[in-house]
Amino acid sequence: MSTNINPDGLPNLQELEKLANQFFKSVKGVSQNEPAPSFPANGFSPVGSQISDIPTGNGFADGLFSHHPQSVPVSGVGASPSAINQGDVINLNNPQTSFEDPGLTATHSPVSQPSVNPFNITDLSTTSFNALPYQQEQSFEHELQQVLSQLIQVPPVPQIPVKPEAVATPPSFYFLKSFPAQLTVPGNTGASGLVKPPFDVNIVRQDFPILKEIVNSKQLVWLDNAATTQKPKQVIDRISYFYEHENSNIHRATHELAARATDAYEGARKKVQQFLNAGSVNEIIFVRGATEAINLVAKSWGEQNLNAGDEIIVSHLEHHANIVPWQQLATKKDLKIKVIPVDDDGQIIIEEYVKLLNPKTKLVAFTQVSNALGTVTPARQIVSLAHLAGAKVLVDGAQSVSHMPVDVQALDADWFVFSGHKVFGPTGIGVLYGKEDLLNQTQPWQGGGNMIVDVTFEHTRYHNAPGRFEAGTGNIADAVGLGAAIDYVTRLGMHNIAQYEHYLLVYATQLLKEVPGLRLIGTAADKASVLSFVLEGYKTEEVGAELNKHGIAVRSGHHCAQPILRRFGLESTVRPSLAFYNTCAEVDLLAHVLHSLKK
Ligand code: PLP
């Protein structure tokens with residue numbers, strides 16, 4: 001335990017205030033131009049886990065980060081797009097190289113904003129702190145120490161053992177010179193009028209320990225985010241904390257740890273509810289993942305409500321998880337499955353969808369974002385057309401929740417499913433959202449403990465949702481971890497994430513298009529961060545293996561979406577998929593390796 005922690009477990013306020021004031025005084029632009037704000041020792045942390053609690057417009061990167069010496073390239077292989085702050089003209093047809101990025105140097109002088117308190121300290125009195133004791137200790141004391149130590153001594157860029165040829169070939173051969181207009185966020189312009197980025201990717205990356213991993217003597221470049229996402233320290237620590245301080249079975253005991261574990265688990269449910277904007281926590285059921293959620297609906301509601309001759313519509317874009325359960329049900333109950341076609345860009349053809357709808361349509365099940373192509377489907381439109389036809393709708397959100405804000409009430413789907421591991425949370429936990437009445441009208445698919453009100457040998461009465469669908473001991477710790485992941489992305493801001501990733505996708509698309517012989521599969525106007533392609537003269541696994549040699553992780557294969565790949569005459573593609581912690585420098589490296597393959 002640190003010396004800054006009192007025996008009662010609370011931070012030593014005097015010591016922390018001293019450290020905080022030392023910090024503010026040493027921040028360039030504050031100590032000279034502005035009165036150093038007095039730091040309230042209330043558990044607030046300016047960095048990392050609590051950063052977007054700073055009540056600024058975007059909650060991120062404003063003020064503090066532009067002063068922050070941590071703004072150095074993590075990888076040392078180029079600059080971060082998020083730190084680009086150089087004007088507002090973007091020309092993707094003529095990408096520029098080697099721009100100077102002031103946000104990436106420890107010595108730059110940020111634009112001074114004398115009338116603005118860069119830390120918005122005065123607003124802290126209105127901020128509520130629900131932080132756990134460990135968060136307070138870690139985020140405030142530990143991170144502040146970190147910041148201070150870096151102010152005193154700027155750490156060297158980590159020495160990464162790279163092969164000599166990698167050093168010799170500069171990967172940053174393409175770069176955009178300016179910050180795209182679409183990244184303008186209201187309230188996010190500095191005194192100079194320059195657009196400020198929504199967040200600094202180099203700061204964000206420091207939350208993800210695995211991104212520092214060395215593979216094949218190269219720094220890991222994780223571009224397999226559609227398969228699974230990496231976990232921030234906040235999630236990893238939260239799960240550890242659960243096992244160290246809270247672990248118990250839930251709901252069924254009167255002891256202290258049972259109360260803690262139950263609070264943590266039900267707290268996570270509340271976070272999911274808010275994340276999806278569901279009407280009630282009762283609409284949130286914890287399951288193993290998107291696959292289990294779809295199977296739950298098929299094997300409960302589907303079994304109970306569908307009859308021979310009824311029709312289910314899916315789209316051509318579906319992951320196997322949203323095909324196979326319906327097929328199994330169709331075989332069992334003599335149902336018919338119909339498929340919404342897509343055009344050559346991989347976009348749903350709405351006119352064809354409308355033709356498939358009829359009174360026999362009982363269910364429409366489709367993905368909000370295609371995992372294989374990245375297509376964003378017109379989900380709201382598909383849902384309302386289905387409802388007009390009297391059908392229920394299940395939306396597969398496995399690939400959407402990590403890329404865009406989701407509002408299940410606005411979407412109006414009857415069910416919405418996603419997996420925790422695709423949204424920076426743990427594996428083995430996921431969510432089924434369902435409309436409350438519908439859930440309560442549906443008989444549970446599994447029986448056991450936890451889901452009952454009363455059991456006799458003759459009869460069992462079930463709980464209402466969510467309990468009725470959570471038989472047995474669930475994945476308590478990972479549900480709590482998912483709650484931490486939701487906190488994390490919420491602090492970054494889903495709009496910020498969507499904007500940043502859009503920029504990165506546009507950039508990556510442009511670069512990949514310039515690789516000779518590369519064919520992009522999936523060119524929808526509305527796309528999330530997936531770039532499927534094939535490269536003339538190479539098998540997809542050969543491309544994947546070559547990228548792996550350079551530390552770049554991509555998926556090559558059928559992505560559990562064989563029907564859509566076959567629609568394009570393919571059995572497999574190479575699929576880099578991006579997340580908010582990826583950088584233009586990483587995209588440069590990807591393009592560079594592909595170019596060198598073609599040579
Ligand atoms: N749906 C889509 C669109 C997916 O991309 C995936 C996984 O890749 C799934 C469903 C299944 O998710 P899980 O394997 O986590 O259950």
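The values are calculated or read from the model by the stated rules, or taken from the named source; none is laboratory data. It should be emphasised that the depicted structure is a prediction, and the values quoted were computed from it without experimental measurement. Cβ placement follows ideal geometry from the backbone for every residue including glycine, while neighbour counts extend to all protein chains displayed. Each accessible area value is taken on the protein alone, full model and side chains, heavy atoms only, with ligands, DNA and RNA left out. Shrake-Rupley method; radii C 1.70, N 1.55, O 1.52, S 1.80 Å.
Residues that are away from the ligand (no atom under 16 Å from the Cβ) and among the hydroxyl-bearing types (S, T, Y) within segment 354-368 comprise just one, T361. Is there a residue being in a loop (DSSP other than H, G, I, E, B) and crowded, with 18+ Cβ neighbours inside 10 Å anywhere in segment 292-303? No - not one qualifying residue is present in segment 292-303. Once segment 326-353 is narrowed to residues that are within 16 Å of the ligand (Cβ to nearest atom) and surrounded by fewer than 21 Cβ atoms within 10 Å (Cβ to Cβ), the residue that is farthest from L432 (Cα to Cα) is V339.
S556 meets the stated requirement of being of a type in the set (S, T, N, Q), closer than 23 Å to V506 by Cα and open to solvent by 30 Å² or more (accessible area, probe 1.4 Å).
Can L570 be described as outside any loop (DSSP other than H, G, I, E, B) and not polar (S, T, N, Q)? Spelling it out, it is not the case that L570 is outside any loop (DSSP other than H, G, I, E, B) and not polar (S, T, N, Q).
Criterion applied to N475, N450, N496 was being within 16 Å of the ligand (Cβ to nearest atom) and touching a Gly at 6+ places or on another chain (Cβ under 9 Å), and the one residue passing it is N475. Among the residues of segment 369-383, how many are near the ligand (Cβ under 8 Å from one of its atoms) and without any contact (Cβ under 8 Å) to a residue 60 or more places away in the chain? Looking only at that region, the number is 0. Working carefully through the options A386, A365, A398, find the one that is surrounded by 24 or more Cβ atoms within 10 Å (Cβ to Cβ), in contact (Cβ under 8 Å) with a residue 24 or more places away in the chain and farther than 22 Å from F275 by Cα. Unique residue meeting the criteria: A386. For segment 221-265, what are the residues that are open to solvent by 60 Å² or more (accessible area, probe 1.4 Å), aliphatic (A, V, I, L, M) and in contact with a Pro (Cβ under 9 Å, 6 or more places away or on another chain)? Within segment 221-265, just I236 meets the criteria. Go through (1) farther than 24 Å from E244 by Cβ; (2) open to solvent by less than 10 Å² (accessible area, probe 1.4 Å); (3) assigned to a helix (DSSP H, G or I) for A465 and report which single condition fails. Among (1) farther than 24 Å from E244 by Cβ; (2) open to solvent by less than 10 Å² (accessible area, probe 1.4 Å); (3) assigned to a helix (DSSP H, G or I), the lone unmet condition for A465 is (3). In segment 530-551 there is no residue matching the filter, namely being within 16 Å of the ligand (Cβ to nearest atom), free of Cβ contacts under 8 Å to residues at least 40 places away in the same chain and either open to solvent by less than 50 Å² (accessible area, probe 1.4 Å) or β-branched (V, I, T) (or both).
Residue-level check: of (1) of a type in the set (S, T, N, Q); (2) more than 12 Å from the ligand (Cβ to nearest atom); (3) in a loop (DSSP other than H, G, I, E, B), Q409 misses just (3). Among the residues of segment 304-325, those identified as away from the ligand (no atom under 13 Å from the Cβ), within 24 Å of G447 (Cα to Cα) and surrounded by fewer than 21 Cβ atoms within 10 Å (Cβ to Cβ) are Q304, N305, N307.
Selection within segment 412-430: residues that are hydrophobic (A, V, I, L, M, F, W, C) and more than 11 Å from the ligand (Cβ to nearest atom). The member of this set that is farthest from I294 (Cα to Cα) is F424.
Just so you know, in segment 565-589 the residues that are buried (at least 24 other Cβ atoms within 10 Å of the Cβ) and in contact with a strand residue (DSSP E or B) (Cβ under 7 Å, 6 or more places away or on another chain) include one that is nearest to A398 (Cα to Cα), and it is S577. Selection over segment 266-286 of residues that are out of contact with any Phe, Trp or Tyr (no Cβ under 7 Å at 6 or more places or on another chain) and either of a type in the set (G, A, S) or open to solvent by 10 Å² or more (accessible area, probe 1.4 Å) (or both) gives a count of 14. When we screen A524, A528, A553 for residues that are of a type in the set (G, A, S) and in contact with a Phe, Trp or Tyr (Cβ under 7 Å, 6 or more places away or on another chain), the only hit is A553.
Give the residues of segment 468-508 that are part of a helix (DSSP H, G or I), more than 23 Å from K231 (Cβ to Cβ) and touching a strand residue (DSSP E or B) at 6+ places or on another chain (Cβ under 7 Å), sorted by residue number. Matches in segment 468-508: R468, F469.
Looking at the structure I just gave you, is I350 β-branched (V, I, T) and touching a strand residue (DSSP E or B) at 6+ places or on another chain (Cβ under 6 Å)? No.
Is it the case, given these coordinates, that A293 is out of contact with any Phe, Trp or Tyr (no Cβ under 9 Å at 6 or more places or on another chain), of a type in the set (A, V, I, L, M) and either within 13 Å of the ligand (Cβ to nearest atom) or on the phi < 0 side of the Ramachandran plot (or both)? For A293, the condition - out of contact with any Phe, Trp or Tyr (no Cβ under 9 Å at 6 or more places or on another chain), of a type in the set (A, V, I, L, M) and either within 13 Å of the ligand (Cβ to nearest atom) or on the phi < 0 side of the Ramachandran plot (or both) - is not met.
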